[in-house]
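Each remark here refers to the structure printed beneath this line.
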């Protein structure tokens, strides 16, 4: 079945450690996104990528890094510079470049919950 | 800052009743989308309404869009316990590249 796979589902990190969250899609989508969700709140955009080898900062990129070396993969690294990393992280993809002629519907993974100890 | 803001923040109804939630946004849009999120899960796309549409239906869902008031509403008719979830509106401010989500309405449907 086509879809988006995020791993791990749960992750614990000690302060000062970098962690990488995996996001893989087999939908052949061009665009991929990372969002952060805090309890009882909406989603905030961290980074997005419209095409391989290109990505842009979202609204809260500080303390995070991404890469887009393959169309299917968009890993997110939460660095030690992120002051409050405990959150629920959601990866998504869409068929065409964001804002393009396609509908722009996003397909989401099941999320990764990061807890800093 | 959030582009969209849902109202109410939380809504509790009985099974069989209708549920209405509203979304207000700040800047011009090409379309507005509604998503659903079950607790601890990813979001699922429900419906998209374009800026030149006023109303759209999908099963038990009815969405309206008033671009003059910069607002949209989502109506779920004959609600079921399985409709219990958070509902978010999402837009691309100015038709740009970033899909921005509202703060969400938590719907609880009780038996």
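All of the numbers you see were taken from the coordinates with simple rules; none came from a lab. Only a predicted model underlies this, so the values are computations on that prediction, with no experimental measurement involved.
Remark: the protein assembly as shown projects, on average over all directions, an area of 12.4 nm² (convex hull of Cα atoms). What is chain A by shape, rounded, prolate or oblate, if you read a ≥ b ≥ c off the alpha carbon gyration tensor as root eigenvalues and call it rounded for a/c under 1.5, prolate for a/b larger than b/c, and oblate otherwise? Prolate, since a/c reaches 1.5 and a/b exceeds b/c. Taking 37 °C and 0.692 mPa s as conditions, region A:4-66 diffuses translationally at an estimated 248 µm²/s according to Stokes-Einstein applied to its Kirkwood radius (Cα pairs). Look at the alpha carbon pairs under 8 Å that are at least 6 residues apart: their mean separation over the length of region B:31-111 gives a relative contact order of 28 percent.
Of all DSSP-defined beta bridges confined to the protein assembly as shown, some 90% are antiparallel rather than parallel. Average 1/r across all pairs of distinct alpha carbons in chain B, invert it, and you get the Kirkwood radius: 13.9 Å.
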